[in-house]
Each structure stands twice: as structure tokens, then as C-alpha cells.
Amino acid sequence: MKKVITLLFLVSFGFINAQQAFSGKGDIKVNVGANLQDGGSGIQGSVDFGLGENFSFGFVANYILGFDNFNGFYNGSTNTYYNAEPDFGDRFDAKARINANLSSVIGVQQLDVYPGLSLGLHNFGGHVGGRYFFTEGFGVFTEIGFPIAKYGSNNDPFYHLNNQATFSLGASFNL
């Protein structure tokens with residue numbers, strides 16, 4: 001029971017002392033966290049720069065650390081793969097992005113909900129994310145990304161890495 005009460009106290013304290021999530025022009029947010037997707041998991045880092053009351057641009061990079069090796073034939077090819085691993089180009093992705101920061105629109109200053117578009121090495125896509133700040137400098141984030149238009153051809157068993165729906169969560173920092 002002590003643990004439950006302590007946890008409720010900490011959560012209540014975090015919500016009561018929460019800070020503004022997005023302040024507009026000049027605001028800089030940095031996210032660092034885990035990136036989860038089918039066939040692999042890794043790390044994600046992003047930075048967003050506020051341009052206006054509800055608009056920001058930024059950059060995001062993902063790197064797959066853990067992945068599923070591939071054995072067999074792929075997509076009707078006569079090439080046989082034995083314990084194949086993705087190369088750097090399949091594991092790494094970098095994107096430029098724009099966001100619509102909606103904290104002032106929805107009326108919750110501590111929560112920044114941000115849908116947006118991104119243009120990257122593997123695809124043109126979209127994302128929907130949210131950041132909640134417990135203090136002026138520290139918060140948490142979660143984000144779902146998805147491709148709208150993919151580049152290249154599907155002739156590689158690791159084509160889907162960084163080219164599919166992804167889920168990210170981690171820590172957010174206000175600079």
C-alpha cells in the first residue's frame with residue numbers, strides 16, 4: 001500500500017508542477033528514446049525548433065540496434081540469404097520534418113500534441129506525437145511515424161526497416 005500511495009503522490013506532484021510544453025518561436029525541444037518497429041528496435045533522437053505559436057521544424061534520426069536476421073529466398077529472388085544482416089544504409093534513417101504544435105489550440109499547456117510531415121532517406125511520411133513536461137527542462141514523449149510514399153524497390157530483405165510504421169518513446173528536454 002505504501003508503494004501505491006508513493007506512486008500516486010509522485011504522479012500527482014508531476015501533474016501539479018507541470019510546465020508549458022511548447023512556447024512558440026525560439027522554443028527548442030530535444031527528444032531521445034527507443035524506436036520500435038517490426039523486425040528491429042533501436043534509438044531515436046530528434047530536435048525541433050519553434051518558428052511560430054503553433055509551428056516548428058526539426059530533424060530526426062533513427063538507428064536500428066537489434067534486428068531479425070534473414071534466411072532463405074526473398075521476394076521470388078534466386079539469391080539465397082544465410083543469416084543475412086542489414087547494412088548501415090538499412091539501419092540508419094535521417095529526416096527533416098515540420099510540426100503543427102497544438103498545445104495552445106487544445107488548451108492544455110503542459111501537453112504538446114504535434115502532428116507533422118517528414119522527408120527522409122527512406123520515405124516521405126507523417127508522424128503524430130506528444131510531449132508532456134514535468135519540469136521546465138524535462139518531460140516525456142511518444143511518437144508514431146508512418147510512411148506515405150516509399151523510395152526504392154522492394155528487392156532487399158531489409159527494405160522494410162525504417163520504411164514502415166514506427167513507435168518511439170523516451171525523454172524530452174527543453175533547451
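The values are calculated or read from the model by the stated rules, or taken from the named source; none is laboratory data. It should be emphasised that the depicted structure is a prediction, and the values quoted were computed from it without experimental measurement. Note: ideal-geometry Cβ built from the backbone for every residue, glycine included; neighbour counts use all protein chains shown.
Evaluated against (1) on the phi > 0 side of the Ramachandran plot; (2) crowded, with 18+ Cβ neighbours inside 10 Å, residue 152 falls short on exactly one condition, (2).
Here residue 117 fulfils each of the conditions (1) part of a loop (DSSP other than H, G, I, E, B); (2) modelled with pLDDT of 95 or more apart from (1). Residues in the range 101-133 that are of a type in the set (Phe, Trp, Tyr) and either surrounded by fewer than 18 Cβ atoms within 10 Å (Cβ to Cβ) or at positive phi (or both): 124 alone.
Given the range 1-91, what strands (runs of 3 or more DSSP E) lie entirely inside it while holding 1 or more residues that are modelled with pLDDT under 65 and surrounded by fewer than 14 Cβ atoms within 10 Å (Cβ to Cβ)? It would help to see each step written out before you state the result.
Values: elements: 28-37, 40-52, 55-67, 70-73, 80-84.
Output list reads 70-73.
Just one of the listed residues (135, 142, 80) is of a type in the set (Val, Ile, Thr) and in contact with a Leu (Cβ under 7 Å, 6 or more places away or on another chain), namely 142.
Residues in the range 129-175 that are touching a helix residue (DSSP H, G or I) at 6+ places or on another chain (Cβ under 8 Å) and either over 21 Å from residue 40 (Cα atoms) or of a type in the set (Asp, Glu) (or both): how many?
The total comes to 2.
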